[in-house]
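Trainee: The structure is given below, and queries will be raised subsequently.
Read-outs throughout are calculated quantities, based only on the coordinates presented, and are distinct from any laboratory measurement. Just so we're clear, the structure is a prediction, and the values are computed from it rather than from any experiment. Here the Cβ is made from the backbone with ideal geometry for all residues, glycine too, and neighbour counts use every protein chain on show.
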């Protein structure tokens, strides 16, 4: 949604989003159909993946996990045909039909601060799960990426909050940490403890 949108327009879009009819969801479905039709492996990440795993929050963009080669293929075929670069040389594009930004996360890159660490963005085929019409990053991979991002980039505190709310929404046991990369297990335990707090309002 454009930054100049009024509060009323933003609230209407939020209503559509939570009813499953917003422009962000439409943009996700559109790119998913296109990538599947091209035989390109992908996995939806970010807030839409959180929603698929039980923690729904409003978002204004679509995060998509691709390999670098797949992103090159997509741009070569579809820039100027319903998609436009946000800025020259950047990974992100804009769905010009829905006016929604698509952020591409590339296999081999690192979450958070972008610096090398034991957790990297995986190949989409290795973590994608079918959720309705979308292929979505699996819960263990999503938790690893969210926690690694928040650990390495203090300005990305929302990623840690997302991880904590995913733990709560899925009723995860503390032992779920064993399914994650050892580098994030201690932070998972901290977030697990926070997820056990009972809110009385």
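Trainee: Among 149, 23, 175, which one shows the highest mean-square fluctuation when the chain is modelled as a Gaussian network with alpha-carbon springs under 10 Å?
Mentor: Comparing 149, 23, 175 in the GNM, the peak value goes to 175.
Trainee: Enter the angle in degrees (range 0 to 90, nearest 10) between the Cα long axis of helix 68-78 and the first principal axis of the Cα atoms of the chain, meaning the one along which they spread out most.
Mentor: The angle comes out at about 30 degrees.
Trainee: Test of understanding: what is the full-extension gain from residue 97 to residue 131, defined as 0.36 nm times their sequence separation minus their Cα-Cα distance?
Mentor: The span from residue 97 to residue 131 would gain 9.9 nm if fully extended.
Trainee: Compute the length gained on full extension between residue 185 and residue 58: take 0.36 nm times their separation in residues and subtract their Cα-Cα distance, giving the result in nm to one decimal.
Mentor: Between residue 185 and residue 58, full extension yields 43.0 nm more.
Trainee: Please find, in a Gaussian network model of the chain (springs between Cα atoms separated by less than 10 Å), the residue of 92, 36, 76 whose mean-square fluctuation is greatest.
Mentor: Result for the chain, Cα springs under 10 Å: 76 fluctuates most.
Trainee: How many times 2.2 N^0.38 Å is the alpha carbon radius of gyration of the chain?
Mentor: 1.03
Trainee: Now for a different question. Just rank 157, 164, fewest to most, by other beta-carbon atoms within 10 angstrom.
Mentor: Ordered from fewest to most neighbouring Cβ atoms within 10 Å, 157, 164 come out as 157, 164.
Trainee: With a cut-off of 8 Å between alpha carbons and a minimum separation of six or more residues, what is the relative contact order of the stretch 7-195 in percent?
Mentor: Once normalised by length, the contact order is 19 percent.
Trainee: Tell me the angle of helix 157-169 to the major Cα principal axis of the chain, expressed in degrees between 0 and 90 and rounded to the nearest ten.
Mentor: 70 degrees
Trainee: Cα axis of helix 182-195 to longest principal axis of the chain: angle in degrees, 0 to 90, nearest 10?
Mentor: Approximately 80 degrees, to the nearest ten.
Trainee: Taking Cα centroids, how far is the stretch 39-59 from the stretch 93-151 in Å?
Mentor: Going from one Cα centre to the other spans 9 Å.
Trainee: Where is the GNM fluctuation largest for the chain (alpha-carbon springs, 10 angstrom cutoff): 128, 120, 153?
Mentor: Of 128, 120, 153, the most mobile in the Gaussian network model is 153.
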